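*Asks:* This is the structure I want to talk about, given as structure tokens.
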Amino acid sequence: MQKNKQTSAQKERRYDIDWLRILLIFSVLLFHVGMVYRGGNENWHIKSPQTSEWLHHLMVQLHIWRMPLLFFISGVGTYFALGIKNSRKYLAERTKRLFIPLLAGMFGIIVPIQIYIEYLVKGKVQGSFWDFYPTVFELVPYPQGSLSWHHLWFILYLFIYSLLALPLFLQLRTTRGKAFIKRLTRIASGKGALLLGVLPILLVKVLLKPHFPKETHALYNDWEYFTFGWMFFIAGYMIASHQRFWDILKEQRRIFLIAWVLASAFLYYNYLATPKTWIFPKLPFDIRYWWISQTMVAWFSMLAVMGYGYRYLNIWHRWLEPLNQGIYPFYILHQPVIIGIGFFSVHWGLALWYLWLFLQ
């Protein structure tokens, strides 16, 4: 009987979602290691004097689709989590899994040690970390003070998304909501129709980007990126709510891959070309091609990755369970480790690529 229950549970679980979550969070490690060495005008907590412009261009592309895809997968996971819980249990679970680790990271050691090392490099503090640590409880926001969520911004945003979207998600579970989702699947069945899902996200970007031009992760002045991620989160829940969506993603994955490649070419044309070489006419209302290409790459890449993931990664492996259990603590802990090692390594003057390998 126990064996049958395990077999049934394994059949119901979507292993591709687990694998993609693991791969994406591991990519966060690579991305943050790269932040130490990337060129351009990007400033990070620790910066090597040896930087790479090639790495900078690669990370621009990676960042555009990596985090929206992670928000989408979080929305998918929310569908499965909410499906086996009532709303009260769901909110309690979200608080335990997201909000409490956020507070522990902000007021424990995880975030303050990063701020201490950064301030130490900049000459803003002296003495030991334990001399610095009480300043966290002065509640002065970073970068003037010592209170921040740093890389835990993703956890904060997910927690707020979970609260804001809950009424919508509960409505989608009703008879009327299920009928609405079914109508969407009929529309999405047309060849390439899911590509049009980029339009409402693009509208949000065009409306909000002029007012919130920088991606800050600070919440209070980050409403364009906050809403951008929230829409991917909602899309993940909605697509997870009907099997037909998954069938479409798998059946049309090649279309989505081609769209991703073309959108990426369009993005890099706008990114690398000088204004004198642009052949496109100027858009009205000061809308930028960069916004359009960013949004297309983010949405089309999500469709392609989910389609290919569902086709090839929905398989069980004995490593999956321990990796799945460890990936969340890994995300919380990885950045202070990178900054700590990077601090000593940069000051030892190690060569760029040797230092990158050392941080791995």
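*Asks:* Does Gly197 satisfy being open to solvent by 20 Å² or more (accessible area, probe 1.4 Å), closer than 18 Å to Leu303 by Cβ and out of contact with any Cys (no Cβ under 6 Å at 6 or more places or on another chain)?
*Replies:* So Gly197 fits the description; yes.
*Asks:* Which of the residues that make up the stretch 172-223 are more than 20 Å from the chain's Cα centre (by Cα), at negative phi and part of a loop (DSSP other than H, G, I, E, B)?
*Replies:* Selection gives Arg173, Thr174, Ser189, Gly190, Lys191, Pro210, His211.
*Asks:* Which residue is most open to solvent (accessible area, probe 1.4 Å), if the candidates are limited to the stretch 200-217 and must be in contact (Cβ under 8 Å) with a residue 60 or more places away in the chain and closer than 30 Å to Pro143 by Cα?
*Replies:* Pro210
*Asks:* May I pose another question? If a residue has to be open to solvent by 20 Å² or more (accessible area, probe 1.4 Å), in a helix (DSSP H, G or I) and over 21 Å from Leu30 (Cβ atoms) to count, how many in the stretch 301-324 make the cut?
*Replies:* Number of matching residues: 4.
*Asks:* How many residues does the stretch 174-194 hold that are closer than 12 Å to Trp299 by Cβ and either surrounded by fewer than 16 Cβ atoms within 10 Å (Cβ to Cβ) or of a type outside the set (A, V, I, L, M, F, W, C) (or both)?
*Replies:* Matching residues across the stretch 174-194 total 0.
*Asks:* Return the pairs, sorted by first residue and then second, in which the second residue is aromatic (Phe, Trp, Tyr), the first residue lies in the stretch 143-160 and is open to solvent by 10 Å² or more (accessible area, probe 1.4 Å), the beta carbons are less than 6 Å apart, and the residues are 6+ apart or on different chains.
*Replies:* Every condition considered, the pairs that remain are Ser148/Tyr142; Leu156/Trp149; Phe159/Phe99.
*Asks:* Right, here's the next one. For Leu267, only one of the following conditions fails: (1) at pLDDT 95 or above; (2) open to solvent by less than 40 Å² (accessible area, probe 1.4 Å); (3) hydrophobic (A, V, I, L, M, F, W, C). What is its number?
*Replies:* (1)
*Asks:* Out of all the residues in the stretch 249-270, is one or more basic (Lys, Arg) and under 20 Å from the mean Cα position of the chain (by Cα)?
*Replies:* No, there is no match, as no residue in the stretch 249-270 is basic (Lys, Arg) and under 20 Å from the mean Cα position of the chain (by Cα).
*Asks:* Here's something else I'd like to know. Here's a check for you: in the stretch 47-99, which residue that is among the β-branched types (Val, Ile, Thr) and within 26 Å of Gly326 (Cα to Cα) is most open to solvent (accessible area, probe 1.4 Å)?
*Replies:* Among them, the one singled out is Ile84.
The values are calculated or read from the model by the stated rules, or taken from the named source; none is laboratory data. The structure presented is a predicted model; accordingly, all values stated were derived computationally and were not measured. Glycine also receives a Cβ, built like all others from the backbone with ideal geometry; neighbour counts cover every protein chain displayed. Protein only, heavy atoms only, side chains kept; ligands, DNA and RNA dropped before computing areas. Shrake-Rupley method; radii C 1.70, N 1.55, O 1.52, S 1.80 Å.
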